[in-house]
1. Of the listed peptides B:155-166, B:197-208, what is their order by residue-averaged count of other C-beta atoms within 10 Å, with the highest listed first?
2. Taking Cα pairs under 8 Å and at least six residues apart, what relative contact order does chain B come out at, in percent?
3. Tally Lys/Arg at +1 and Asp/Glu at -1 over every other residue whose Cβ is under 11 Å from the Cβ of A:G143; what's the total?
4. Are there trypsin sites (Lys or Arg not before Pro) in the stretch A:177-262 that DSSP puts in a loop and that have at most 14 other Cβ atoms within 10 Å, and which ones?
5. How much mean residue ellipticity at 222 nm does chain A get from its helices, if each DSSP H run of length 4 or more adds -39500 (n - 2.57) and you divide by all residues, to the nearest 500 deg cm²/dmol?
6. On a 24 Å Cα-Cα criterion, which of the cross-link pairs B:K85/B:K247; B:K50/B:K114; B:K45/B:K135 come out too long?
7. Would you mind checking which residues have amide H under 5 Å from A:I135's amide H? H placed 1.01 Å from N; only 5 or more apart, or other chain.
8. What's the lysine pair count for the stretch A:53-209 at a Cα cut-off below 27 Å, pairs eight or more apart or interchain?
Amino acid sequence: MGAYHCQVIQQIQIDEHIYRLVLQAHEIAQTAYPGQFVHLRIADQLNPLLRRPFSIHRVLRDKGQIELLYRVIGRGTSLMKQTKPGDSYHLMGPLGKGFVFDGKFTTAIVVAGGMGVAPVFFLIDELLALGKSVIFFWGARCGSELFGVLQWNQSAIEIHLATEDGSQGYHGMVTDPLQTFLNHRSEDASLAGFVCGPRAMLKKIQLLSTRTSFEWQVSLEETMACGVGVCQGCAVMLKNEGFRMVCSDGPVFDLKNVAFDG
Amino acid sequence: MVDLSVKIGNLHLKNPVLMASGTFGYGTEYRDYFDVSLLGGIITKTVTGKMREGNPMPRIVETPCGMLNSIGLANVGVDRFCQEKMPELDHLDTVVIVNVAGSTIEEYSEVVEKMQGYDRVDGFEINISCPNVKKGGLEFGTDPEITETVVSGVRKATDKTILVKLTPNVTDIVTIARASVNGGADGLSLINTVLGMGVDIETRKPHLARIVGGLSGPAIKPIALAKVYQVVKAISIPVIGIGGIMKWEDAVAFFIVGATAIQVGTLNFIEPDGAVKIIQGIERYCEKNGMRSIGELTGSLQKG
Ligand SMILES: Cc1cc2nc3c(=O)[nH]c(=O)nc-3n(C[C@H](O)[C@H](O)[C@H](O)COP(=O)(O)OP(=O)(O)OC[C@H]3O[C@@H](n4cnc5c(N)ncnc54)[C@H](O)[C@@H]3O)c2cc1C
Ligand SMILES: Cc1cc2nc3c(=O)[nH]c(=O)nc-3n(C[C@H](O)[C@H](O)[C@H](O)COP(=O)(O)O)c2cc1C
Ligand code: FES
């Protein structure tokens, strides 16, 4: 990890509120692994003051580039969407402890909801490179937020899409098709779960996961100040261990062990 | 060459820039980002008698030009601090000051006693100013009698340098400053965070789980400058200025007003090596203005 000025290569608008930002970030691209994040300084000014954390969406190792995927929700991201090629951002990273792949599983269940998909592309790239097969459940508000699913070798990945407005895939929450799937496979030792998304979805999947015999990893979000374990601002309560820091002990944790209600 | 070194109590700082408590961990977390030995010193996260889990979430929220926190002095407690953190501090080639708090008057001196024997600890900063705990924080630092009792208790427990960290959330900070001097303080650090609050108008809930918290960052700099000015005029021991220092220009303002040293807090979260740039900026400023030592800058405020 370190801190670097990173040039913007390009920024691509994906739908009304979602952007993909490609940055030249050699050092980060060489060492990052899925689930890690960068801490980005929006501008050299006092307001907005704090850095903003973004998952590493993709890594292009040979080019020394990383991609971020973000939704415009507030002041910081509104400024970011004006980014032009040639601009630069100051990044700290890669930060945090990402996903681990040391289990015996051969098939990964990957579940993404909303912007939780950001780290998941990198995750799927890595899983496929490791020779695992992937069953990908992806839920969003509407079809325009579901993009890029055809890029992977379709023989190794099975994709289940869901939208809240029914414009693409299953009409409703992505946890419904997930539940149907798990009804038949809850004891399957060849599986492992990987989850990232909004809190309500995570809680639901935690409930489902407790009925399975295999392991689930979850990537969490909390408001952050330092991003490196110093300020103690981003705490998450774990069932047996008390508070841990999302930025430095995570953002990836054992899903079954997270105490979502404190 | 400008002589940036300063002396506070028995502390010899190679330069007058320190890292503020709670914003630099235990000195090792930022090792990968810059050379910590360039700093005048670091002040650890507050250490208490027993481990503290800290407050419920959310604990932080950004505000215009600042941030609110209610961390609640989360720390491993003095015994684990000595076992686990102290050995790592050994590798730091700079002054280490341990920030100490307690929920009873006795706890302060007990914690200090346990650390008195460690050579690595160069001094203590007594935190009687945290707005985020029920007992011991603000409650002590707003009462001159308790302040004096706490400080004199610590004075008996150690011959190392004692700084007392003051809160701005009082009617008259000079009274508390005097009480600290009477208790035996070698220097005063001010200010700790300013009591603040934020509300989400959609949900009508407070932004922080503990409702109120401490405001830090550039938003509080004018408050901090005024407090340092008031205290420096009234007492004769060294004052360390803290609050919203983001650039060397901010730091220089604190020296002009009368600070002997400064601490950098929230800036660490934004620019880990920001303090190093501040040290360089102070040196350049002194050089440009023909000063041979930082002492010439301290208290050089001109009539308005
Ligand atoms: C480890 C981590 C990885 C993240 N990865 C991504 C990513 O890849 N893509 C992406 O779009 N977003 C990601 N986020 C969330 C992202 O950091 C926030 O959306 C961003 O900081 C908002 O900044 P802003 O200035 O636009 O909004 P602000 O003006 O700061 O806030 C606007 C609204 O957003 C809410 N908000 C602020 N921070 C967060 C947060 N961390 N999580 C949820 N809500 C928040 C605020 O409460 C407020 O209601 C991640 C967060 C974390 C902690
Ligand atoms: C997240 C956070 C945690 C803090 N924790 C402590 C602490 O444990 N003990 C303490 O004395 N001050 C603590 N402080 C106060 C700072 O040391 C400093 O006094 C204050 O932030 C003002 O300086 P700044 O504006 O440069 O940040 C904390 C501040 C922040 C922002
Ligand atoms: S953001 Fe500071 S500890 Fe996690």
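1. Working: B:155-166: 21.6, B:197-208: 13.0.
By packing density, highest mean first, the sequence is B:155-166, B:197-208.
2. Taking the mean separation of contacting Cα pairs over the length of chain B, I get 20 percent.
3. Charge balance near A:G143 sits at -3.
4. Of the trypsin sites (Lys or Arg not before Pro), the ones in loops of the stretch A:177-262 whose Cβ has at most 14 other Cβ atoms within 10 Å are A:R211, A:K239.
5. Roughly -5000 deg cm²/dmol at 222 nm, from the helical runs in chain A.
6. Correct reply: B:K85/B:K247.
7. The answer is A:A108, A:I109, A:V110, A:E158.
8. 12
The values are calculated or read from the model by the stated rules, or taken from the named source; none is laboratory data. Note that the structure is predicted; figures quoted are calculated from it, not measured. Cβ coordinates were reconstructed from backbone atoms using ideal geometry, including for glycine residues, and neighbour counts include every protein chain displayed. Heads up: the accessible areas ignore ligands, DNA and RNA and are worked out on the full protein's heavy atoms, side chains in. Shrake-Rupley method; radii C 1.70, N 1.55, O 1.52, S 1.80 Å.
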